[in-house]
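Read the figures in this text as sums done on the coordinates, not as results from a lab. Since this is a predicted model, take the numbers as computed values, not measurements. We place every Cβ from the backbone using ideal geometry, glycine too, and count neighbours over all the protein chains shown.
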Amino acid sequence: MTFRPLHDRVVIRRVEEAAKSTGGIIIPDTAKEKPMEGTVVSVGPGARNESGAVVPLDVKKGDRILFGKWSGSEIKLDGEDLLIMAESDVMGVIDESATTNKKAA
């Protein structure tokens, strides 16, 4: 099944966190907090401004983003748990190339 969000909506797949802490302690699923980081699966065409023109979204498919802890609505598509939220709920895009360069230095 394909799903295309409308207007300024974004579909997000949460990034799974490691099951072990840095100290080697295994964290059970019931004690884990839901990650506030995800990957954009699909985006809508954009919202309309006051003059009626479509304003495209700043995020695109494949972007790694941060969002609020209680943002969005959980949905299930093809057996996969996803989030759908407005672009305004997205706090920012993580630039992975900048973090890779920082680690190398």
- For Leu6, Leu83, what ranking results if the residue with the fewest other Cβ atoms within 10 Å of its Cβ goes first? Leu6, Leu83
- Message: Sort Val93, Val11 by Cβ crowding within 10 Å, fewest neighbours at the top.
- Response: Val93, Val11
- Query: Among Met85, Met36, Met91, which comes first, then next, by fewest other beta-carbon atoms within 10 Å?
  - Reply: Met91, Met36, Met85
- Task: Set the Förster distance to 35 Å, then compute FRET efficiency between Val54 and Asp95 from the Cβ-Cβ distance, nearest 0.05.
- Result: 0.85
